[in-house]
Amino acid sequence: MSRRAFVVANWKMNGSYRANAEWLEAALPSLRGAHTACDVAVCAPSVYLPQLVQGLSQSAAMVGAQNCSEFAVGAYTGEISAAMLADIGCDLVILGHSERRTLFGETDVSVAKKVALAFENGVMPILCVGETLEEREAGKTLEVVTSQLKAVLDHCGIMPLVAGALAYEPVWAIGTGKSASPEDAQAVHAALRDALARVDAEAAARVRILYGGSVKAGNAPALFAQNDIDGALVGGASLKAQDFLAICRCAEAL
Ligand code: PEP
């Protein structure tokens, strides 16, 4: 079945009011009109989400956060709940990014709780899975990514991923300039879709599986040409509006 392409910008901890306004000014003419053949989202640091919700309101582009709390409400100083993201008009949230897993101690269990809360609150989760270089070299890629996925499926089923997306992001490819080859990425995406299909084959065919890891306009077409690669999660190349838009155009051409 054909799935609508999806390109998601992950600004990580970058940006300022001024830089964001400049990005919006550069991207809006294109985001207002052209991107009818693919879904586009911009995930910014939480403090800037209202600026993006407002700035992108006249476009079809969606706004996303990069994390939310695993708790619903209460005495959790410094946390931001999924309900709060929904309250300010945020459409989606990246969860389980490898930087959160490795630098901030997120576990499969905490990620699964976040996915469930995001979905319950109407915020689409973009669940990230991916192996380290060491795991890849040990031949453990499929074992690692399917067990990260299983933790979420066991906790809250497949529907959160039908609403949002699954992102395969090999850790060794993030921010390194070394993308996975289209064939290697496709093999992992196909294995992830098989794992989803073991839960619900019809739903699995609807889940968008994005690739993330040094995607640029130069390598995007070959990645997007693969059967199970439905778009991209883009870090570094999303910081310049024109670079990001060039990747969106590659997805539109699918
Ligand atoms: C990311 O941050 O999720 C990412 C894929 O980064 P980059 O595109 O810079 O590799």
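What follows is calculated from the coordinates using simple rules that are stated; it is not laboratory data. The model shown is predicted, which means the values in this text are computed figures rather than measured ones. Cβ atoms come from the backbone with ideal geometry, glycine included; neighbour counts cover every protein chain shown.
Comparing 28, 223, 52 in a Gaussian network model of the chain where C-alpha atoms under 10 Å apart are linked, the largest mean-square fluctuation is found at 28. Using the Stokes-Einstein relation with a Kirkwood hydrodynamic radius computed over Cα pairs, the translational diffusion coefficient of the chain at 20 °C and a viscosity of 1.002 mPa s comes to 120 µm²/s. Neighbour counting of Cβ atoms within 10 Å sorts the residues 100, 18, 4, fewest neighbours leading, into 18, 4, 100. The lysine pair count for the chain, using Cα distances under 18 Å and pairs eight or more places apart or on different chains, is 7.
Rounded to the nearest whole Hz, the Karplus-based 3J(HN,Hα) values (6.51 cos²θ - 1.76 cosθ + 1.60, θ = phi - 60°) of the range 157-162 follow the sequence x, 8, 4, x, 7, 5, with x at glycine and proline. Over the chain, calculate the relative contact order: mean separation of alpha carbon pairs under 8 Å at least 6 apart, over the residue count, as a percent. Reported as a whole number, the value is 22 percent. The slack between residue 205 and residue 143, meaning 0.36 nm per residue of separation minus the straight C-alpha distance, is 20.2 nm. Note on residue 4 and residue 253: the model spin-label points, each 7 Å out from Cα along the C-beta direction, lie 2.2 nm apart. Remark on residue 124: its backbone amide H falls under 5 Å from those of 92, 93, a criterion applied only to residues 5 or more positions apart or on other chains, H modelled at 1.01 Å from N.
Between the beta carbons of residue 18 and residue 197, assuming R0 = 51 Å, the FRET efficiency works out to 0.65 to the nearest 0.05.
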